Amino acid sequence: MPFFVVQEHHATRLHYDFRLEIGGVLKSWAIPKGPSMDPKDKRLAVMVEDHTVEYGSFEGVIPEGSYGAGLVLIWDKGDFTPVRGSIEEGILEFTLSGRKLKGLFVLARMKGRGPDNWLLIKKKDGLEEPGFEVAAALTPAVEKRLRGKNPYKG
C-alpha cells in the first residue's frame, strides 16, 4: 500500500514537507504552516522536486551549507489511498491513515498562481478537528529532541 509522510523541517524557515508515494517516488509539497485537520484551514502547499521513496524514513540534520540545511523530523506517517483525480488534473482527493492526519483530504492546484502552488484541505468526514494546531500535535519525543538544540547545527 502506498504511504505518506510529513517531515517537520527546521530549515531557513520552519515548514512541513508533505510527501505522497505515487508512481514509485515521493511527490512532495512544502507547507509553511503545516497540514491541518480543520476543514476551515486551506493550507498553501508548494510543490517541490520528487524525492526517492527511501527519503520518507529520513530523520536527521542536513548539514549547514547544503540545500535545505537544518533538522528534519518525521511528524507523521501512514497509509495513503488515492480516491479520485491526479496531479496532472490539478486535483487529487485521497485518504490518510496516520497518527495525526486521518481521513479524507484534497490537494487542489491554485488557478492563475503557477503550476507549483496548491492548497491542502481537510474534507468533512467525521474525523475533522476544528481548531487543530500543528504545534500542539508535537509528540513529547520530538519536543525533547528540539529542546536546547540549534536546529541548524544538529
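Computed from the coordinates by the stated procedures, all read-outs in this text should not be read as laboratory data. Just so we're clear, the structure is a prediction, and the values are computed from it rather than from any experiment. Every residue, glycine among them, receives a Cβ derived from its backbone with ideal geometry; neighbour counts consider all protein chains shown.
Let's see if you can work this out: charge +1 on each Lys and Arg Cβ, -1 on each Asp and Glu Cβ, no other charges. What is the dipole magnitude of the chain about its Cα centre, in debye to the nearest 20?
Working: 23 positive and 21 negative charges, 95 e Å.
Dipole magnitude for the chain comes out near 460 debye.
The simple Förster model, with R0 at 22 Å and r as the Cβ-Cβ distance, assigns A135 and R84 a FRET efficiency of 0.10.
Fully extending the segment from F58 to K33 would add 6.9 nm, taking 0.36 nm per residue of separation and subtracting the current Cα-Cα distance.
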